[in-house]
Amino acid sequence: MDDRIAVAQKDFIERVAKSNGAVKFEEFTKTDGYEQDFMGMKIYMLEWKATVSVERTIYKSGDGIMGYWQDFHVMNSAKEQNPFFPGKRFDAGKKIYLTGQYSLQKTENGWRVEGYEVKRQQW
């Protein structure tokens, strides 16, 4: 049985869990996928969309170019922010809609996550 979607979703849920409950997993869906040959290795590119919700007011490092949701590390107060990269405040109840791409490699024991990227974020 092909477990590509399950492997990517499990990885995504584990990433969200790094927020220690500040962000809650809602949904993860595969939107497309394709195989790619990279230096002799077969890589599967899984395109996805996901929804998470903010459970308490948090602050995220980032900017308008790289985004805020490449990871799920959060700060609990504005005082924790870097003054040179102030980031953004997200209030409790806010839904975050993400789209991105996983790169997966087939191994003898199944699929393995090789890369993760958020391409678009909306709230």
Taking the stretch 1-56 and keeping residues surrounded by fewer than 16 Cβ atoms within 10 Å (Cβ to Cβ), of a type in the set (V, I, T) and not in a strand (DSSP E or B) leaves I13
Checking K88 against (1) crowded, with 17+ Cβ neighbours inside 10 Å; (2) in contact with a Phe, Trp or Tyr (Cβ under 7 Å, 6 or more places away or on another chain); (3) more than 22 Å from V7 (Cβ to Cβ): exactly one of these is not met. Which one?
(1)
Long-range neighbours under 9 Å by Cβ, at least six apart or interchain, first residue of a type in the set (F, W, Y) within the stretch 6-24, second outside any loop (DSSP other than H, G, I, E, B) and surrounded by fewer than 19 Cβ atoms within 10 Å (Cβ to Cβ)
F12/F25; F12/Y116
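All of the numbers you see were taken from the coordinates with simple rules; none came from a lab. What you see is a predicted model, and the numbers here were worked out from it, not measured in a lab. Cβ coordinates were reconstructed from backbone atoms using ideal geometry, including for glycine residues, and neighbour counts include every protein chain displayed.
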